[in-house]
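Peer 1: Sending over a structure as C-alpha cells; questions will come in a sec.
The values are calculated or read from the model by the stated rules, or taken from the named source; none is laboratory data. Note that this is a predicted model, so its numbers are computed, not measured. Neighbour counts run over all protein chains shown; Cβ positions are idealised from the backbone, glycine included.
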Amino acid sequence: MTTKYINIEQVGSVSFTINNRSKRIRLSVKSGGEVVVSMPPSVLYRDAIRFVESKTEWIQKQQSKIQAGLTIFAPESCFKTRFHQLAITKGDTDKVYNRVGNGMIQIFIPEKVAHEHQRVQEFIKNTLIDVMRWEAKIFLPKRLKELADKHGFSYQNISIKNASTRWGSCSSANNINLNLHLMRLPEHLIDYVLLHELAHTVEKNHGPKFWQLLEKCYPNAREADKEMNNYRTQTF
C-alpha cells in the first residue's frame, strides 16, 4: 500500500492510501480528527481529491464532534500517567508554568486567567505529551525487551511516537513503533499491546495463527483486545 499526504483547503492534511483490495473510494475521520482515504489503484488522485472536497461539510461535522469530546483540563481533573499525577493550581502568579518531579505534574495558572483558555489548554497538553514521551522512552524499550526475551521473540528497532490512530505497529522488517499514550493505560494493557506487536514479528496478519500465538503469551488476549476499546489513542 502507498500513502500520500495532501493538504486540502477547509479540511487540512488528508492521507490517501492506494489499496489493491479497495473497490471504491472510502473516506473516514479517525479518533484524532485525521482524515483518511482508501482508494483503488485505478482511481486518480485528482478524482479522490474532488471526492473529499465534496464531503467537506460532513468531514467538518465529524471533526467538530471529535473536538467536543476532547478533554478540557481543570483544577478538579484527575489525570494520571504511569509515573505521574496531574495537579492544576490557580493562584498568585503572573504566568502559566509547570513543575514536574516527585511523581507530580504541577501546572500553575494565574487566578484571573480561565483554565479553559485555548493557550492554557495547549500548554497543559504539551506538558503532558512531554512527560509521557519521557516516561515511554524509559519504560517501553525495557519492558518490550523483557517480554521478548521471556517469550522468545526478536525484533529490530523500537521507536516512540505521538500517533493519532494506533497504539503500536510492527513493520515487515520487524521494527516496532509504540504510542507514547500507552503511558495512560493500565499495566496489563500495556503488556497486551507490546505482546500484540511482538506476535506480529512472527504472524503479520490477524488470522487464527496470530491469535493462537498471542494467546500462548497472553491468555485471554481477546478480552484484552475488547477492553482496549474503552481507551482512545488520543483524548486531547
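Peer 1: Consider segment 202-232. How many of its residues are among the hydroxyl-bearing types (Ser, Thr, Tyr) and surrounded by fewer than 19 Cβ atoms within 10 Å (Cβ to Cβ)?
Peer 2: Kept after step one, since they are among the hydroxyl-bearing types (Ser, Thr, Tyr), are these residues of segment 202-232: 218, 231.
So of that shortlist, the ones also surrounded by fewer than 19 Cβ atoms within 10 Å (Cβ to Cβ) come out as 231.
Qualifying residue count, segment 202-232: 1.
Peer 1: Only one of these is over 20 Å from Leu180 (Cα atoms) and surrounded by 16 or more Cβ atoms within 10 Å (Cβ to Cβ): Lys95, Lys90. Name it.
Peer 2: Values: Lys95 fails: surrounded by 16 or more Cβ atoms within 10 Å (Cβ to Cβ).
None of the other options fit; the residue is Lys90.
Peer 1: Then there's this: Glu135 versus (1) surrounded by fewer than 13 Cβ atoms within 10 Å (Cβ to Cβ); (2) part of a helix (DSSP H, G or I); (3) of a type in the set (Asp, Glu): which is the lone unmet condition?
Peer 2: Result: Glu135 passes all but (1).
Peer 1: Taking Ala48 as the residue in question, decide whether it is among the aliphatic types (A, V, I, L, M), modelled with pLDDT of 90 or more and closer than 30 Å to Ile190 by Cβ.
Peer 2: Numbers: among the aliphatic types (A, V, I, L, M): yes; modelled with pLDDT of 90 or more: yes; closer than 30 Å to Ile190 by Cβ: no.
Taking the combined requirement at face value, the residue does not satisfy it.
Peer 1: Cβ contacts < 9 Å: first residue closer than 12 Å to Tyr45 by Cβ, restricted to segment 13-29; second residue modelled with pLDDT of 90 or more and of a type in the set (S, T, N, Q), any location; separation 6+ or different chain. Result?
Peer 2: Phe16/Ser38; Thr17/Ser38; Ile18/Ser38; Ile25/Ser38
Peer 1: Can you tell me which residue is nearest to the chain's Cα centre (by Cα) among those in segment 98-132 that are assigned to a helix (DSSP H, G or I) and of a type in the set (Lys, Arg)? Break it down stepwise before answering.
Peer 2: Quick first cut of segment 98-132, residues assigned to a helix (DSSP H, G or I) only: 118-132.
Narrowing the set further to residues that are of a type in the set (Lys, Arg) leaves 119, 125.
On the way: Arg119: 22, Lys125: 14 Å.
The qualifying residue nearest to the chain's Cα centre (by Cα) is Lys125.
Residues checked against (1) acidic (Asp, Glu); (2) within 21 Å of Glu227 (Cβ to Cβ); (3) assigned by TED's automatic domain parsing to the domain that holds Gln212:
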| site | (1), (2), (3) |
| --- | --- |
| Pro141 | no, no, yes |
| Glu146 | yes, no, yes |
| Lys150 | no, no, yes |
| Tyr155 | no, no, yes |
| Thr165 | no, yes, yes |
| Asn174 | no, no, yes |
| Leu195 | no, yes, yes |
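Peer 1: Assess whether Ser64 counts as being assigned to a loop (DSSP other than H, G, I, E, B) and either of a type outside the set (Val, Ile, Thr) or under 30 Å from Asp130 (Cβ atoms) (or both).
Peer 2: No, not satisfied.
Peer 1: Name the pairs whose Cβ atoms lie under 6 Å apart, with the first residue in segment 102-113 and closer than 8 Å to Lys90 by Cα, the second among the hydroxyl-bearing types (Ser, Thr, Tyr), and 6 or more positions between them or separate chains?
Peer 2: Qualifying pairs under 6 Å: Phe108/Thr89; Phe108/Thr93; Phe108/Tyr97; Pro110/Thr93.
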